[in-house]
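> Structure incoming, see below.
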Amino acid sequence: MWVLGLTGGIGSGKSAASDYFAKLGIVVVDADIVAREVVEPGQPAWQAIREHFGPEVLQADGSLNRAWLRQKVFAEPAERQWLEQQTHPRIRDSIIRQLQQAQSPYAILSSPLLFESGQAQLTARTLLIDVPEDVQLQRASARDGNDAEQIRRIMAAQLSRQERRARADDLVDNSGSLEQLYAQLQGLHERYLNYARR
């Protein structure tokens, strides 16, 4: 299976891009969704997190209190490292399994941490959805209702825009309209179909 890695910083429009590819019939494995699945109540990672952080990390229904956990791990790098050691190997195994089961001309691995997590190794080519950092901040604030400081911390934990641009094989500028984004993606889709046929 020929796999495209799709990435972009918070607020870049990566989800809009993956939704577009999905409408074209391409299987998209979203690392964020897989990351949520591996920490569902009863899963081994969920049990480890509960034991490590205590009852504060859980909501009344037993699911993780993501807002609490996010603040904790972005404030304490050692805790973030511990959490990643629990979740990343499980996420990777699930991603590989889902990509292998994909029934489309090619498959997409959509991941905000494609390069940071080593998930780019699972792909034949990478596509970066890119916007200037001020646009990221503005869009992410409007979408999530997070304060600017929280978004800056998330951005700081991701690769810098320059590093992502240097590592990506293909780059789409998403500072314009959705129509402009889709026009760029359509052209790339044709190229990816050709790569996948080889």
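> Inspect all residues belonging to segment 47-55 and state whether any of them is in contact (Cβ under 8 Å) with a residue 60 or more places away in the chain, open to solvent by less than 60 Å² (accessible area, probe 1.4 Å) and in a loop (DSSP other than H, G, I, E, B).
no
> Check segment 71-82 and report whether any residue there is in a loop (DSSP other than H, G, I, E, B), farther than 26 Å from residue 160 by Cβ and out of contact with any strand residue (DSSP E or B) (no Cβ under 7 Å at 6 or more places or on another chain).
no
> Still on this structure, I have one more. Take the conditions touching a Lys or Arg at 6+ places or on another chain (Cβ under 6 Å), touching a residue at least 60 places away in the same chain (Cβ under 8 Å) and within 23 Å of residue 23 (Cβ to Cβ) and apply them to residue 129. Does it pass?
Considered against the rule, which asks whether it is touching a Lys or Arg at 6+ places or on another chain (Cβ under 6 Å), touching a residue at least 60 places away in the same chain (Cβ under 8 Å) and within 23 Å of residue 23 (Cβ to Cβ), residue 129 comes out as yes.
> Could you say whether any residue in segment 20-33 is in a helix (DSSP H, G or I), acidic (Asp, Glu) and modelled with pLDDT of 95 or more?
no
> Restricting attention to segment 123-130, does a residue exist that is open to solvent by 30 Å² or more (accessible area, probe 1.4 Å), in contact with a Gly (Cβ under 8 Å, 6 or more places away or on another chain), closer than 23 Å to residue 33 by Cβ and not hydrophobic (A, V, I, L, M, F, W, C)?
Checked segment 123-130: at least one residue is open to solvent by 30 Å² or more (accessible area, probe 1.4 Å), in contact with a Gly (Cβ under 8 Å, 6 or more places away or on another chain), closer than 23 Å to residue 33 by Cβ and not hydrophobic (A, V, I, L, M, F, W, C).
> Of the conditions (1) modelled with pLDDT under 95; (2) open to solvent by less than 20 Å² (accessible area, probe 1.4 Å); (3) under 22 Å from residue 168 (Cβ atoms), residue 106 fails just one. Which one is it?
Condition (1) is where residue 106 drops out.
> Go over the candidates 162, 184 one by one and state the one that is open to solvent by 40 Å² or more (accessible area, probe 1.4 Å) and modelled with pLDDT of 95 or more.
184
> Evaluate the following for residue 176: is it open to solvent by less than 60 Å² (accessible area, probe 1.4 Å), of a type in the set (Gly, Ala, Ser) and at pLDDT 95 or above?
no
> Given the structure, is residue 101 free of Cβ contacts under 8 Å to residues at least 24 places away in the same chain and polar (S, T, N, Q)?
Here the answer is yes, as residue 101 does meet what is asked.
The values are calculated or read from the model by the stated rules, or taken from the named source; none is laboratory data. The structure presented is a predicted model; accordingly, all values stated were derived computationally and were not measured. Reconstructed Cβ throughout: ideal geometry from the backbone, glycine too, with neighbour counts over all protein chains shown. These accessible areas exclude ligands, DNA and RNA; they are computed on the full protein's heavy atoms, side chains included. Shrake-Rupley method; radii C 1.70, N 1.55, O 1.52, S 1.80 Å.
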